[in-house]
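The values are calculated or read from the model by the stated rules, or taken from the named source; none is laboratory data. The structure presented is a predicted model; accordingly, all values stated were derived computationally and were not measured. Reconstructed Cβ throughout: ideal geometry from the backbone, glycine too, with neighbour counts over all protein chains shown.
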């Protein structure tokens with residue numbers, strides 16, 4: 001009998017539910033069945049009051065020992081948010097409007113697979129369940145007299161559905177990541193992972209150190225620097241999903257920077273986001289470990305890898321230019337990456353990344369500034385390769401300002417007396433040391449986002465390790481050019497013990 005009643009309530013497509021179909025509700029057998037039912041079965045009158053006949057499960061689901069005579073909306077008020085309660089009251093009101101189609105009204109039911117939160121007498125959260133409420137109209141002698149309701153605990157079903165959906169989404173995500181990762185050569189991906197690991201460990205170390213309130217803002221800037229490097233490096237090798245994670249982290253840091261006062265509690269979301277970024281990196285490492293041998297065995301052709309290098313440089317220019325509101329184009333007709341020996345390609349690409357990033361940050365002006373000095377708003381970075389005296393040459397020239405160099409030369413002359421000649425006769429090491437000194441950046445923001453990637457020591461070490469040297473030349477107001485000369489033969493890297 002009880003099963004028949006439930007089926008009538010849950011599955012009936014008829015608009016009317018006649019009590020004659022389910023027997024005498026006041027019978028002893030029916031009361032006994034209600035007492036042992038795992039589902040909540042009850043009846044509502046037009047005032048939405050629960051009637052005497054109801055299953056014992058109703059008390060448990062509504063967190064009320066004696067629900068008979070209570071208004072259903074009043075009982076739900078303690079379990080669901082105000083907006084959901086309003087929608088529920090509206091839905092029940094429509095059910096009592098006999099002229100409204102039951103199937104249309106049913107679409108408005110807000111309590112299908114809904115999560116209910118339960119608290120103890122002290123108002124402390126205890127547990128939660130997913131419940132489904134269903135209602136049908138009761139007609140007695142052709143007149144709408146009330147509603148029959150059921151409550152089912154669908155927690156297991158909902159969680160299983162969510163787990164399956166999560167697993168499906170995770171599988172799809174990993175497939176997208178795999179496709180994204182496969183286009184990156186093994187060595188570049190390994191370097192990215194190592195670099196990201198180092199930066200994340202640095203951030204985690206900084207967060208573990210006790211600090212006073214006055215140090216929070218400087219801590220935030222150092223964290224920003226590390227995350228910006230991770231995001232930028234991910235974008236350079238076109239790991240879009242990782243770059244997106246990094247950008248969301250940067251957005252959070254920007255929000256924190258905008259606060260007039262920072263406390264330790266403000267860093268809680270940051271720690272959570274850091275764990276998420278760490279988890280993403282661990283997944284990338286796992287995928288890389290799985291495909292590493294395949295990746296190495298089926299390395300792309302040299303011509304394709306050459307295209308990848310140009311694409312990476314183009315993405316760097318587009319990303320940094322967009323961030324800084326500048327317009328920059330790359331001219332590479334004279335650049336042939338195929339000429340670069342494989343053992344030099346990784347190091348040279350990183351060197352070019354540093355030079356291009358530095359050029360856009362510190363040298364190339366914004367569109368309006370360029371117009372004001374009769375320059376094309378679109379700045380140009382020109383790349384070229386050549387051979388000279390058995391060495392491979394890489395030239396990078398841009399048509400940005402060189403005022404910073406002149407000011408730094410003036411500063412160095414003031415600090416060191418007249419022992420230095422004019423800028424044109426300076427050694428490239430002196431110019432390099434000046435150009436890449438981050439502490440002399442005129443804009444604190446640019447200094448922060450440029451990070452250690454623009455540190456001269458890193459650039460000098462890179463070039464020195466592969467046995468190369470840098471020459472810098474410029475003409476005030478016209479261009480600055482960096483020329484890198486590299487040996488073609490593989491040899492012992494300098495700066496390391498044999």
Point to revise | Check on residue 66, in a loop (DSSP other than H, G, I, E, B), more than 35 Å from the chain's Cα centre (by Cα) and surrounded by 17 or more Cβ atoms within 10 Å (Cβ to Cβ) | key: no
Review point. In this structure, does residue 4 turn out to be part of a helix (DSSP H, G or I), at pLDDT 90 or above and touching a helix residue (DSSP H, G or I) at 6+ places or on another chain (Cβ under 8 Å)?
Key: no
Review point. Among 165, 169, which is the only one that is out of contact with any helix residue (DSSP H, G or I) (no Cβ under 9 Å at 6 or more places or on another chain), at pLDDT 85 or above, assigned to a helix (DSSP H, G or I) and over 20 Å from residue 111 (Cβ atoms)?
Key: 165
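Restricted to the range 230-248, and to residues that are part of a loop (DSSP other than H, G, I, E, B) and touching a residue at least 60 places away in the same chain (Cβ under 8 Å), which residue is surrounded by the most Cβ atoms within 10 Å (Cβ to Cβ)?
Of everything passing the filter in the range 230-248, 237 is surrounded by the most Cβ atoms within 10 Å (Cβ to Cβ).
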Check your understanding: In this structure, does residue 147 turn out to be in the same structural domain as residue 130 (by TED's automatic domain parsing) and either touching a residue at least 60 places away in the same chain (Cβ under 8 Å) or more than 24 Å from the chain's Cα centre (by Cα) (or both)?
Key -> yes
Practice item. Tell me which residues, restricted to the range 249-263, are in contact (Cβ under 8 Å) with a residue 40 or more places away in the chain and assigned to a helix (DSSP H, G or I). Key: 257
Exercise for review: Kindly indicate whether any position in the range 89-106 is closer than 23 Å to residue 158 by Cα and not in a helix (DSSP H, G or I).
Suggested key: no
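Could you check, for the range 256-266, whether at least one of its residues is out of contact with any strand residue (DSSP E or B) (no Cβ under 8 Å at 6 or more places or on another chain) and at positive phi?
no
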Review point. When you look at residue 121, is it loosely packed, with under 13 Cβ neighbours inside 10 Å and either assigned to a helix (DSSP H, G or I) or not assigned by TED's automatic domain parsing to the domain that holds residue 319 (or both), yes or no?
Key: yes
Point to revise | So residue 100, is it at pLDDT 85 or above and either crowded, with 16+ Cβ neighbours inside 10 Å or under 21 Å from residue 42 (Cα atoms) (or both) | key: no
Exercise for review: Report yes if some residue within the range 35-42 is under 19 Å from residue 155 (Cα atoms) and without any contact (Cβ under 8 Å) to a residue 40 or more places away in the chain; otherwise report no.
Suggested key: yes
**Study point:** One residue from 130, 135 being free of Cβ contacts under 8 Å to residues at least 40 places away in the same chain, more than 25 Å from the chain's Cα centre (by Cα) and surrounded by 18 or more Cβ atoms within 10 Å (Cβ to Cβ)
**Key:** 130
Exercise for review: Go through 41, 85, 19 for me and flag whichever is in the same structural domain as residue 141 (by TED's automatic domain parsing) and modelled with pLDDT under 55.
Suggested key: 19
